[in-house]
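> I'd like to ask you about the structure that follows.
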Amino acid sequence: MRRLRVAWKRSAPYAIPALVFLGVILALFWRLWTPLDGERKTFAWDAKYEYWGDLQFQLKSLAHGHLPLWNPYDRLGYPFYADPQTGTLYPLQWLIWPFAAITGAPWWIVPVKIMMHMELGALGLYWVCARRKLPEPARYLAGVSFLTSYPVLHNAFSALNWSYAWTPWIILALDAWAERPTMRRAAFVALSAAMGLLAGGMASFFYGALAAIPVGIVELVRHGREAARSARGREYLRAALRTGLAAAGLFLAVVAAQVLATRGLVPETVRDRRGVAFFGTTVFDAVDVIGFFTPRMQGENTYLGIGLILWIGALLVLKPTGRNLTLAGVFVLGALCAFGDRAPFLPLFASIVPTFGWFRRAHRYLYVGVVPIALLAAEGLALCATIADEQTRARVRRGLAIGAGLALAVCVIVFAIRATSTWKPDVIRDAFGFGAISALVAGWTTWMVLGRQGGHRRRFVVIAVVAAAIDLWFARSKVIDHPDVMQPPPRIVHDDLVRKPDLPIAQRIYDRNYLSCRPGTRLGVRDVGGYEGDPLALSRYEMVRGAIVAAPEKMRYVGVAHYYEGGGEDTLPKSGADLAVMKQVAPGQWELAGAMPSVVWFDAAELAPDAGAAVNAMFAAPPGAKAVLEAPYVADRARATKLDLPAATPVAGTLDDLTADSLRATIDAPADGVVVIDEMFYDRGWSATVDGADAEIMPADGYARAIFVGPGHHVIEMSFGAGGYYFFVIVEMLALGGIGFLIYRGRNEAAPVIEDGIGGPGKTPSWSDDDPETSVDAKPASS
């Protein structure tokens, strides 16, 4: 029993915050676990339709003894390994694989991963505040602010949160390294940054970097100046340079495999062209700026919390340090970028720094301000709770009371004006009504926090944090319940339709949410659809899909014999020409006549200048009537266009075997010609042999693969390899081992992340009225 008490005493400072934030997450997303009839839901969109299938495909590939490289069962085939959202090289994903394998990879593993990263982000902010020696309630305020922020909740289903959750840990590691630039602390910087990039959301990793890097620079300058004043300036700079370069090298070594694979993919995708229309599209507007101050405002519901705004204002007035002003500036930067093409800021930034133009949906730049707002609010509340000078406290009390009073007055006036015109549902009226209540509560709790009595004040600090958390939760509750965030759990009831012995290889399907949740990837069936909204979809696929959506009968050109549609927006409009070849066999189920075979021999091919022209030429003839090659890829054009048997008809072959990274086909060719295999062409990684001899793969019909053969019976084999990728995977493993070695070697040094901030396990910083560490009357930090 005594050992248990000792163990609990040691672990409590770490376990209690984790349990508290877990409770908050479970409360926010009560629909995930509620036993109430008909109320159970799960995270929407990507969580259901992408990440669950990705996990299953990873497990199947690993079960066959190799990393997942090429997925032939989705979108006509695509390079799975190059998609960063899969998290194949993300160490936390490796921890999920054994659990998923044991449980059979059910859909609820993805929500567990989502909540795990929310917990990670909240705990990271908690420990950043602990390192700053803020009172415990302020630490919880920072974590709750993260969990209830607009970007985190609005994108709860997305991998964006996974990468952004590492931002506090990057700041934490940079803080510690800037204070004392040792190799161990540099290893923590490299590790946290690499985890953020490999988690899957490269866009949100960039958003987090826009917050973390400026803060790291400010801390580096501050500690460098302190070292210079103590005659250790050169020593500090040498150590910072040496360990900083080591951190950068380790980071690059860990992420190189994923970055290089993704970089190779992008030119082949819809993201290859990135003008303002691509990166500037936004839903953020003036109403959302008003929404910063008003709960449940129409628009995107970007409410920051009136209490948090008051405390941030007090901090910036009383302690305009470099760090605090930098955090405030970072928030402003994110807000300006969020205006996208509705303002000149983001196009200007993208013109100067290309990275600003890499990512779509400009309103996601609001991620940039999530961590700064959380840290500033926590610091501001701590400051209000620890002002020792009575005159200063009284001045701040009056100023914040005036601020809360003005907010209250504006809200009451607008509410009254709107109420006189109608008492019917009115978003603006109700928003300002809720705003009045929020201003009243925030003003009162802040007034009490700034009271005279220490114990009395401490109680109201806790009350202020709870009130702010409830305010943010209530303001964001409609966002959480929105169908874009939470949807019913997957119902897999039609899988037997495609569990036919000949279907996985001989025929292709097109599912539009009837079988649901990427049946191709889940069941090993060749599906034209799958995750159709992939921002890294191959351009060749998007051309074909666009033509199919406009004219469903064109599914036959890519070998679709069975089409399924789930109704509503998943239903494709059908013309008379479409219905002439499509037969409805049951509600939502269609069969198509005349589908192109998977393997076809042609005596000669037509040449087109590019992929778009090849697709158009293919659709201009009946399915399987001709092959269209892209001239830039054809070395022997004379052979491609030569007729060996005039008036020879195309000959169907057989797709004998199809696995994740290979295929085997056979053909009996009447003469020299071209064989088209209707699997996606990708200009990297694929190699082919004909009867064991190397052969060149060419793009056909804008999307498929073609190969020259002579007359006779042939066995065609194609395999996908990524030798360079595997090399850099080994480099990642070695770099992670190096990071582990550096951390272990410096184990006698105080852990830079936690113990430095709380004075060791179980210790809590003082935050009494005369605490010199936090009092506004103490000597301010130069940063």
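> Could you tell me what percent of the DSSP beta bridges with both partners in segment 569-631 are antiparallel, to the nearest 5?
About 50 percent, rounded to the nearest 5.
> If you don't mind, another one. Taking R0 as 25 Å, what FRET efficiency do you get between MET448 and SER477 from their Cβ-Cβ distance, rounded to the nearest 0.05?
E between MET448 and SER477, to the nearest 0.05, is 0.45.
> How much accessible area does LEU734 have with a 1.4 Å probe, in Å² rounded to the nearest 10?
Near enough 120 Å² of accessible area.
> I'd like the FRET efficiency for ALA27 and GLN589, computed as 1/(1 + (r/R0)^6) with the beta carbon distance as r and R0 of 45 Å, rounded to 0.05.
0.60
> Let me ask something else. Report, for segment 505-593, the % of DSSP beta bridges that are antiparallel, rounded to 5.
Roughly 55 percent of the beta bridges in segment 505-593 run antiparallel, per DSSP.
> What number comes out for accessible area per residue over segment 653-728 if the probe is 1.4 Å? Units Å², please.
Spelled out: the 1.4 Å probe surface of segment 653-728, per residue, equals 34 Å².
> Express the carbon and sulfur contribution to the solvent-accessible surface of the chain as a percent, rounded to the nearest whole number, probe 1.4 angstrom.
Accessible surface attributable to carbon and sulfur in the chain totals 63 percent.
> Just list whichever of LYS60/LYS554; LYS60/LYS583; LYS574/LYS626; LYS133/LYS478 have alpha carbons separated by over 28 Å in the model shown. Mind showing how you got there, number by number?
Values: LYS60/LYS554 32 Å; LYS60/LYS583 34 Å; LYS574/LYS626 25 Å; LYS133/LYS478 35 Å.
Violating the 28 Å Cα-Cα cut-off are LYS60/LYS554; LYS60/LYS583; LYS133/LYS478.
> Further question: Let me spell out the model: positive unit charges on the Cβ of Lys and Arg, negative unit charges on the Cβ of Asp and Glu, origin at the Cα centre of segment 111-239. What dipole size does that give, in debye rounded to 20?
That gives segment 111-239 a dipole magnitude of about 520 debye.
> Going 7 Å from the Cα of THR281 in the Cα-to-Cβ direction, what parts of segment 472-488 have a backbone nitrogen less than 20 Å from that spot?
In segment 472-488, the label zone of THR281 (backbone N under 20 Å from the point 7 Å along Cα→Cβ) covers 483-485.
> Mind checking the full-extension length gain between SER719 and ALA101? Use 0.36 nm per residue of separation minus the Cα-Cα distance, one decimal, nm.
Extra length available between SER719 and ALA101 comes to 219.8 nm.
> Evaluate the relative contact order of the chain (contact order divided by residue number), counting alpha-carbon pairs under 8 angstrom at least 6 apart; express in whole percent.
Relative CO of the chain lands at 17 percent.
> Another question about this same structure. Taking +1 at the Cβ of each Lys and Arg and -1 at the Cβ of each Asp and Glu, which of PRO490, GLY568, GLY588 sits farthest along the dipole of the chain towards its positive end, judged by Cα position relative to the Cα centre?
Sorting the options by dipole projection puts first PRO490.
> While we're here: Considering only the chain, what is the antiparallel percent among its DSSP beta bridges, to the nearest 5?
Of all bridge pairs located within the chain, approximately 85 percent are antiparallel.
> Right, another one. Compute the helix-to-body angle for 233-265: its Cα long axis versus the longest principal axis of the chain, expressed 0 to 90° and rounded to tens.
The helix 233-265 is inclined about 30 degrees to the chain.
> Only Lys, Arg, Asp and Glu count, each charged at its Cβ (+1, +1, -1, -1), so figure out the dipole size of the chain about its Cα centre, rounded to 20 debye.
My answer is approximately 3860 debye.
> Give me the Å³ per residue figure for the convex hull around the C-alpha atoms of the chain. All intermediate terms of the calculation are to be shown ahead of the outcome.
Numbers: hull volume 153.2 nm³, N = 783.
Here the figure is 196 Å³ per residue.
The values are calculated or read from the model by the stated rules, or taken from the named source; none is laboratory data. In this text the structure is predicted, and so the values were computed from the model without any measurement. In this analysis, Cβ positions are derived from the backbone assuming ideal geometry, glycine residues included, and neighbour counts consider all displayed protein chains. Surface accessibility is based on the protein's heavy atoms, side chains included, excluding ligands, DNA and RNA. Shrake-Rupley method; radii C 1.70, N 1.55, O 1.52, S 1.80 Å.
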